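First comes the structure, then the notes that go with it.
The values are calculated or read from the model by the stated rules, or taken from the named source; none is laboratory data. Because the structure is a prediction, the values reported are computed rather than measured. Backbone-built Cβ (ideal geometry, glycine too); neighbour counts: all protein chains shown. Only protein heavy atoms, including side chains, enter the accessible area calculation; ligands, DNA and RNA are left aside. Shrake-Rupley method; radii C 1.70, N 1.55, O 1.52, S 1.80 Å.
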Amino acid sequence: MATSSISGLASGLNTADIIDQLMQLEALPQTRLETQQAAEKAKLAALRATNTDTTLLRDKADILSKATTWQTVKGTVTGAGATGVTVKVAGSAAANSFAITVDKLAAKHQLGFTDSADLNDVVVTGSSVKITSHDGTEHDIATGDGTLTDLVAAINASSKDTGVSATAVKTADGTYRLLAQSTATGATTDFTLTNDDGSDLMGGATVSAGADAQISLGAGITATSSSNTFTNLAPGVDVTLDPTAAIGSKATITIAQDPTTITDTVKALVTQLNSLLGGIDSLTATKTATSAAGSLAGDSTARAVRNSLLETVFIKGGTSTMADVGIQTDRYGKLVFDEAKFKEAYAKDPDAVAAMFTSGATTATDGWAARLKATATVACDRVSGTLTSAISSRDATVTRFTKSIADWDDRLELRRAALEKQYSALETALSGLQSQGNWLASQIAGLPSWS
């Protein structure tokens, strides 16, 4: 706790400045601690950034280490009828090609009723109508007042249960006719709609039967679907017809390996690794005549991580190298990715290329992505990672510095208080001496003089 002082009233000295200068000398150990702490914080931030980048690298490597990532087939549609056909391909689909002809499109079952009426006309005999589904299930639908409006509303309100919807269609003379149709398409969506006693509703109906979609694949093979989508037409291949597709139109569906997506994924992994290697190089750089040292200059952990990551590109044993698929190191210790060479190798033997990246039966047979994932995990594992351990150690050091600096705050506060008290006592003593001197001088001046 600081004490009050009177600066230089008796001595004429600027004791406040003197105390401040003495305190600067006293604070030198704390200043050195603050400098050391700032350096540790910079190293801690650098290690955390490196750990984050290593984690991102591990996650990208994990994707490419999985066999499913390499199931990269793509479906394309060509031919005169291509605009009316789309194909969706799952990773399990095999390379193939086949032609299709559109025979029929899927259709809803429809009933167009004969009698016309105004919307407010009563068209129902009784208080309900009966919908009988394809499987014989009967649904009694209450129709309120029995008007055409009420009938349409009642049918639509029950669509979830009956699979039937309805609308009132305005005709040329201004009256309306009832159109009822199945909510789904297909040959098994047929139904009947009658009065509750089984008699014809609104004069009976003209039927437009529901139909399955059908395509021909040649050699006497046809495929049908209750909708316009043929799910698993071939394993992992779904084909969908557009409702406007022309009957008789032809298209060719081709399932083939698609190198574009997997090439981009491999390129992203190489880019992430190079970014991490470059970051470590910058952080561990030594001081030169033109540049300052990096935050992690001399840090063995970061350099060890760099070296171990780069070494994963080298295959131990065997006759192949990652250069065979366009990945190799340059003279700066970075990776170079030749996209054209990769695509060429992948098109020639996709399974062999995938094996050079994915997890093997044992760690000894792991591909590059699997090796890279394992090495990155050793560095960034939450519990035992080498970078994680280094971060914990630096963090503890920063905490110790914080405590030591706070302890020095207490020491310096006590020291300042002591100095202020000391100089205040000095000023008080000098003031007392000056008072005594002045009194003696006045006493001497009052003595009689002798001639």
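Descriptive notes on the structure:
- Residue within the range 230-247 that is open to solvent by 50 Å² or more (accessible area, probe 1.4 Å), hydroxyl-bearing (S, T, Y) and without any contact (Cβ under 8 Å) to a residue 12 or more places away in the chain present: yes
- Hey, D161 in contact (Cβ under 8 Å) with a residue 40 or more places away in the chain, surrounded by fewer than 17 Cβ atoms within 10 Å (Cβ to Cβ) and charged (D, E, K, R) or not: no
- Any hit, the range 80-89, residues being within 30 Å of I247 (Cβ to Cβ), assigned to a helix (DSSP H, G or I) and open to solvent by 30 Å² or more (accessible area, probe 1.4 Å): yes
- Counting only helices (runs of 4 or more DSSP H) that sit completely within the range 288-381, those holding 1 or more residues that are open to solvent by 10 Å² or more (accessible area, probe 1.4 Å), under 19 Å from N274 (Cβ atoms) and touching an Asp or Glu at 6+ places or on another chain (Cβ under 7 Å) correspond to 368-380.
- Here R58, R32 are screened, and the one residue that is buried (at least 18 other Cβ atoms within 10 Å of the Cβ) and either in a helix (DSSP H, G or I) or in contact with a strand residue (DSSP E or B) (Cβ under 8 Å, 6 or more places away or on another chain) (or both) is R58.
- Long-range neighbours under 9 Å by Cβ, at least six apart or interchain, first residue more than 30 Å from D118 (Cα to Cα) and in contact (Cβ under 8 Å) with a residue 60 or more places away in the chain within the range 193-218, second among the aromatic types (F, W, Y) and crowded, with 18+ Cβ neighbours inside 10 Å: A213/F230; I215/F230
- Just one residue in the set D150, D161, D190 is under 22 Å from L105 (Cα atoms) and not small (G, A, S); that residue is D190.
- Just one residue in the set G218, G186 is open to solvent by less than 50 Å² (accessible area, probe 1.4 Å) and modelled with pLDDT under 95; that residue is G218.
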